[in-house]
Amino acid sequence: MATSDLDFEALQSRGFLVLPNLVPQAHLDRFEHEIAVLSEGECRRLGTSPAGDVEPFIHLHRQGGEDWSLLYGLLERMFVLNQIATDIGRFLEETEFLRREGIEVPLVWPDIRADPPHDSSRLLRIHQDFASTRCHRAWRLWVPLRPADEHYGTMRVFAGTHRLGLLPHRVDDPRYPTVDAEHWQDAPQETMVLPAGHGVLFHPLLLHESVPNRSNRMKFTLLVQVQDLASVCHPHDPDDPLSEFVSLTAVRRDARARESRPSIEAAGGPSPPAAPR
Ligand SMILES: O=C(O)CCC(=O)C(=O)O
């Protein structure tokens, strides 16, 4: 993608921009290869094998337990994901994006989501990025590592809603914070239909939600956080609007912990599977 291709005007007005071919095929292939190597090896080591054509990674997720939790927690440290994040950081520098957005001390890091088929438990309802935004100058990239659409699972965005500023999130069900319909019902909605390796650069205040994975494959999505450490929030300052996001993150974390506790007791010990973020 050429430097001139970044449409800053669309980005400012809509709050997101699709960036085609952001990730080279070689990195996507390496990710797939390494997922296969680690999950097939882990199945062998645990003496378990998936039935039929179930992906070994999905089989491990279903097995759960501490082995899975450890493996899932380390996934975002895969070198290939860090390489992709670094390439994206370099791209944002070369396109003058970081300078134009006033990002002085860039933080760029990868997170990964793995959404199993037909699992609604961790789907995110319409929200702003309260859980990861810790700096006032911040952006995000959502990068499907496998094709994304209504069948394989994807993300829906509500164009222009980032201009509403930081919105209150309802916590009737604290596991799934969400905003009232009045904030998004009139906004144009766009469901991302993208091949693996395209990316969506978006503002963390843009309202968005998960679209469920109805396929029989794991949905892998890389999230690259881009934030400016020179604008870090002060979580204990009630005048800092981002302190709301820090508290909301704690509310959700505690609710999820409460949710998983009964299943530990029911199972008589081992930890439940770590859930996708
Ligand atoms: O891929 C998805 O399900 C949406 C991800 C999302 O909403 C998020 O990471 O904040």
*Roughly what % of Cα-Cα distances in segment 122-170 sit above 17 Å, to the whole percent?*
47 percent
*If a/c stays under 1.5 just call it rounded; otherwise compare a/b with b/c (prolate if a/b is bigger, oblate if not). Do that for segment 110-193, with a ≥ b ≥ c from the square roots of the Cα gyration tensor eigenvalues.*
rounded
*Please label the shape of segment 1-57 as rounded, prolate or oblate, based on the square roots a ≥ b ≥ c of the eigenvalues of the alpha-carbon gyration tensor (a/c under 1.5 means rounded; beyond that, a/b larger than b/c means prolate, else oblate).*
prolate
*Figure the gain on full extension for residue 163 and residue 105 (residue separation times 0.36 nm, minus the Cα-Cα span) and round it to one decimal in nm.*
18.5 nm
*Springs between alpha-carbon atoms under 10 Å, Gaussian network over the chain: tell me which of 128, 83, 227 tops the mean-square fluctuations.*
83
*By how many degrees, 0 to 90 and rounded to 10, does the Cα axis of helix 242-267 deviate from the longest principal axis of the chain?*
10 degrees
*Radius of gyration and Dmax for segment 2-129's Cα atoms, expressed in Å?*
18.5, 55
*By accessible area with a 1.4 Å probe, ligands and nucleic acids excluded, highest first: order of 130, 8, 79*: 79, 8, 130
*If you put +1 on each Lys and Arg Cβ and -1 on each Asp and Glu Cβ, how big is the dipole of the chain around its Cα centre, in Debye rounded to 20?*
560 debye
*How much accessible surface area, in Å² rounded to 10, belongs to the heavy atoms of residue 176 with a 1.4 Å probe?*
30 Å²
*Can you run the Rg to Rh ratio on the chain? Use alpha carbon positions and the Kirkwood inverse-distance Rh.*
0.96
*Is segment 51-196 best put as rounded, prolate or oblate by its Cα gyration tensor, with a ≥ b ≥ c the root eigenvalues, rounded for a/c under 1.5, and otherwise prolate when a/b is larger than b/c, oblate when not?*
oblate
*Taking the Cα centre of each part, how many Å lie between segment 104-176 and segment 5-57?*
17 Å
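The values are calculated or read from the model by the stated rules, or taken from the named source; none is laboratory data. From a predicted model like this one, the values you see are computed outputs, not experimental measurements. As a convention, Cβ positions derive from the backbone with ideal geometry for all residues, glycine included, and neighbour counts pool all protein chains shown. The protein model used for the area step is the full one, side chains on, heavy atoms only, and it has no ligands, DNA or RNA in it. Shrake-Rupley method; radii C 1.70, N 1.55, O 1.52, S 1.80 Å.
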